[in-house]
Amino acid sequence: MAVSRAEILERQLTQRLEQWLAAAPPPALAGSQPIRPGARLAATEACTLLEAMYLSRALDLEARRLKHRDAGYYTIGSSGHEGNAVLGLLLRTTDPCFLHYRAGAWMMARMRKGGADAIYDSMLSFVAAAEDPSAGGRHKVWGSRELWVPPQTSTIASHLPKAMGMAFALERAGRLGLPVEIPADSIVACSFGDASVNHNVAQSGLNTAGWLTHQRQPVPVLFVCEDNGIGISVPSPHGWVEAMLRSRPGIRYFSGDGLDLADAYRASADAIQFVRSQRKPAILHLRTVRLLGHAGSDVETEYHSLAEIEATERRDPLLAASDLLIGSGALSAVAAMDLWNSLRQRVREAADLCVRKRKLESLAEVVAPLAPYTPDAVEAVASSCAEPAARAAAFGGEDKLPERAPRPRPLATLLNAGLTDAMAQHPDILLFGEDVAKKGGVYHVTADLFDRFGPGRVFNTLLDETSILGIALGAGHLGLLPMPEIQYLAYLHNAEDQLRSEALSLQYFSNGKFRNPAVVRIAAFGYQKGFGGHFHNDNAIGVLRDIPGIVIAAPSRGDDAVEMLRTAIALAKVDGRVVAFLEPIALYHEKDLYAPGDGGWCFRYPEPGRFAALGRGRLYVAGQGLPDDGGDRDLLIVSYANGLRLSLIAAQRLRQRGIGARVLDLRWLAPLPLDEVREQARICGRVLVVDECRHTGGGVAEALLASLSESEETRSIPAARITGADTYIPLGPAANYCLPSVDSIEAAAVSLLQRSCPASTPSAATA
């Protein structure tokens, strides 16, 4: 039978307490006295910390017992890191904390301050009970809405950018006079392990905090590195973590011994005071040990000798803390033993009770918090508008309101007006990114917004998409409405995990208690002329469509863009949704449709109050956006963005050949307007999907064709697709070989009609 290190660790603590019971007790120490001469930690506080540490260890041990019974589902514990309890004691419950998975004692101390039932609530999480207050049975997380602990799931370092972002946004909100739910002198804390220091997201969060501080912008964030010297089985090089953390410009370095309560208290108190008073970032480097391996499934003897494991176990912080308190007279050996036994028993009893609790019982229950949508409330916000005086002031006068423009305008111009309208109406919108301020963006979509709304609301960031999204997430946590710009779709791939693992998972893993709304504007797609190549003509949106709960908007014309933007903002404000707003670069300044100079791709600004319903497309039929030649039921062309404009031109050509084609602009790529596609497919009897993104998993064609084939009413309807090629887009004219064109759309339509018409029936394509 395998030796249980958990049992050995528990027995070691018990034996140490028994040794103290057999020894002569030292003189009692008054509660207000320091735990040892020169220490700032008082005896009473030390006793509180020991209770949190004992409780954290009891939870770890019980998690192992539950796992052996197949009744628990999580065994990454906090054993060896219990010194972080000092942060749970010293930080306020209104100081938001993004916690590493080894923050058990930190959380126990914080929950005690907040009056929560730490034992029962933790056990509900360990057994994935539906009534778990943290994640509703979806994960074992440290989280609490009341205590401002947003849940993190198996955190490596992806939470550092948003912790930095929240600290930055807290100060920004205060200067703008925007209300937030926490006091103005709050600070933000996040913890992470030494191995995570090397991750690019950790570097991003640290670098941006220093970058902002270098420019004298306040960022009150405390980064806590809990350094146990190893990442699963890979040791951190000796001295590397300290050298790297000390070297961060603009960030004050503090260090402490997490195995020594008095020293950990000193270092933590100093770091917290510095961040709170100076409004600058700091790093607290706490040295710890890791006990019981990485997790229950980790066989530590595969990479550590038994002697090494035993040597680490002798450094158990519970032994050191017990010795400190009992040896100083702050706590008697009898009281310490009673405390340990009592907590161990209470945890067992809570576990036995919680394993009988109901689990999630259906898919509907599992996904309930994933993508909240309250249509009536969204419509109310989307159809509202700013006060007339505010609109006039933003646009520079009544006569300059965009709906009064003398002629239709292209996409970029209307988007700029839509953003102006939105910022005039919603003072909590922050617009930021690379080059968006004085320059007005690479394509001038944000031109003049800096002058209209000031540097507090429209500002440039460093060139780091991870930090841009991190600022957005942090601002959203505080109730602001961030509108970050990603300069090109290809640049998003550097930072996509901030959306996948952080932004979109938050409502799900907090059971709807936390939210980080955002409208992420992304210059996207191909067909850009004169300035191209892969990084400026990326046509891969599969990475976005794969994210659960995300909304993806893909307008192709200016008036739609404004109406969809209003809906996107409403979704963020009402339901906390994250919207990826994909703006087709090649159409920003396009003016014409069928012929040079026809102005067919310029449109009037939609009156305030008009909006585009989520998941609804726009249909172009004869007489309504298409030339009316009396028939348009031979073929349905489904497309979006650049593909829409190309499809409309192709539809005109097809009419000249006697083929009546109607065109459906999807507009929303998540959720897709599948009902509309099927309805129009039944009317036309043939479907051609024009998807400018890549053939294999890059766009939406596969989903559309699958939907048609899965429906009994449409599965027999002939359907085809034309897509971009599975390649990066090259520079210059060669790009045309990789993307759908008017010619290829027309040819595909004719081919579809020919192969779908019975041989005895004349084909519309050859009529």
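The values are calculated or read from the model by the stated rules, or taken from the named source; none is laboratory data. Predicted model only: the values in this text are computed from it and were never measured. Positions of Cβ are backbone-derived with ideal geometry, glycine not excepted, and every protein chain shown enters the neighbour counts.
A few points about this structure:
- So A422, is it surrounded by fewer than 23 Cβ atoms within 10 Å (Cβ to Cβ), outside any helix (DSSP H, G or I) and touching a strand residue (DSSP E or B) at 6+ places or on another chain (Cβ under 8 Å): no
- Residue satisfying all of: in the range 291-303; touching a residue at least 12 places away in the same chain (Cβ under 8 Å) and not small (G, A, S); surrounded by the fewest Cβ atoms within 10 Å (Cβ to Cβ) among these: E302
- Sole residue being surrounded by 21 or more Cβ atoms within 10 Å (Cβ to Cβ), within 21 Å of A386 (Cβ to Cβ) and in contact with a strand residue (DSSP E or B) (Cβ under 7 Å, 6 or more places away or on another chain), chosen from L489, L480: L480
- Of all residues in the range 250-275 being in a helix (DSSP H, G or I) and among the polar types (S, T, N, Q), the one that is nearest to I326 (Cα to Cα): S268
- Scope the range 233-254; condition aliphatic (A, V, I, L, M) and loosely packed, with under 13 Cβ neighbours inside 10 Å; matching residues: V234, A243
- Look at the range 2-27: where a residue is aliphatic (A, V, I, L, M) and surrounded by fewer than 15 Cβ atoms within 10 Å (Cβ to Cβ) and a partner is assigned to a helix (DSSP H, G or I) and modelled with pLDDT of 95 or more, sitting 6+ places away or on another chain with Cβ atoms under 6 Å, you get L21/A333.
- Every residue from the range 432-455 that is at pLDDT below 95 and either outside the structural domain of A393 (by TED's automatic domain parsing) or of a type in the set (A, V, I, L, M, F, W, C) (or both): V442
- Some residue of the range 142-156 being at pLDDT below 95 and of a type in the set (A, V, I, L, M, F, W, C): yes
- Listed conditions (1) in a helix (DSSP H, G or I); (2) closer than 26 Å to Y253 by Cβ; (3) out of contact with any Lys or Arg (no Cβ under 8 Å at 6 or more places or on another chain) are all met by D121, apart from (2).
- Residue count for the range 425-465, restricted to those that are outside any loop (DSSP other than H, G, I, E, B) and touching a residue at least 12 places away in the same chain (Cβ under 8 Å): 14
- Scanning the range 358-417 for residues that are charged (D, E, K, R) and in a loop (DSSP other than H, G, I, E, B) turns up R358, K359, E361, E387, R407.
- Within the range 324-366, considering residues that are without any contact (Cβ under 8 Å) to a residue 24 or more places away in the chain and of a type in the set (A, V, I, L, M, F, W, C), the one farthest from N516 (Cα to Cα): A335
- Here G698 fulfils each of the conditions (1) surrounded by 22 or more Cβ atoms within 10 Å (Cβ to Cβ); (2) at pLDDT 95 or above; (3) over 22 Å from R618 (Cβ atoms); (4) not aliphatic (A, V, I, L, M) apart from (2).
- Failed criterion for I251 (all others in (1) in contact (Cβ under 8 Å) with a residue 60 or more places away in the chain; (2) of a type in the set (V, I, T); (3) touching a helix residue (DSSP H, G or I) at 6+ places or on another chain (Cβ under 7 Å) hold): (1)
- Condition check for T413: surrounded by 17 or more Cβ atoms within 10 Å (Cβ to Cβ), under 26 Å from the mean Cα position of the chain (by Cα) and assigned by TED's automatic domain parsing to the domain that holds R577: no
- Search result, residues across the range 346-357 that are of a type outside the set (D, E, K, R) and in a loop (DSSP other than H, G, I, E, B): V355
- Among the residues making up the range 493-537, those that are assigned to a helix (DSSP H, G or I) and either closer than 30 Å to A128 by Cβ or touching a Leu at 6+ places or on another chain (Cβ under 8 Å) (or both) are E496, D497, Q498, L499, R500, S501, E502, A503, L506, Q507, Y508, F509.
- Condition met for P730 (outside the structural domain of V638 (by TED's automatic domain parsing), surrounded by fewer than 16 Cβ atoms within 10 Å (Cβ to Cβ) and at pLDDT below 95): no
- Residue pairs whose Cβ atoms lie under 9 Å apart, separated by 6 or more positions or on different chains, with the first residue in the range 156-168 and over 11 Å from Q498 (Cα atoms) and the second of a type in the set (K, R), are A167/R279.
- Test result for D464, outside the structural domain of P730 (by TED's automatic domain parsing), among the acidic types (D, E) and in contact with a Leu (Cβ under 6 Å, 6 or more places away or on another chain): no
- Residue in the range 81-102 that is surrounded by the fewest Cβ atoms within 10 Å (Cβ to Cβ), counting only those that are over 24 Å from A475 (Cα atoms) and in contact with a strand residue (DSSP E or B) (Cβ under 7 Å, 6 or more places away or on another chain): R102
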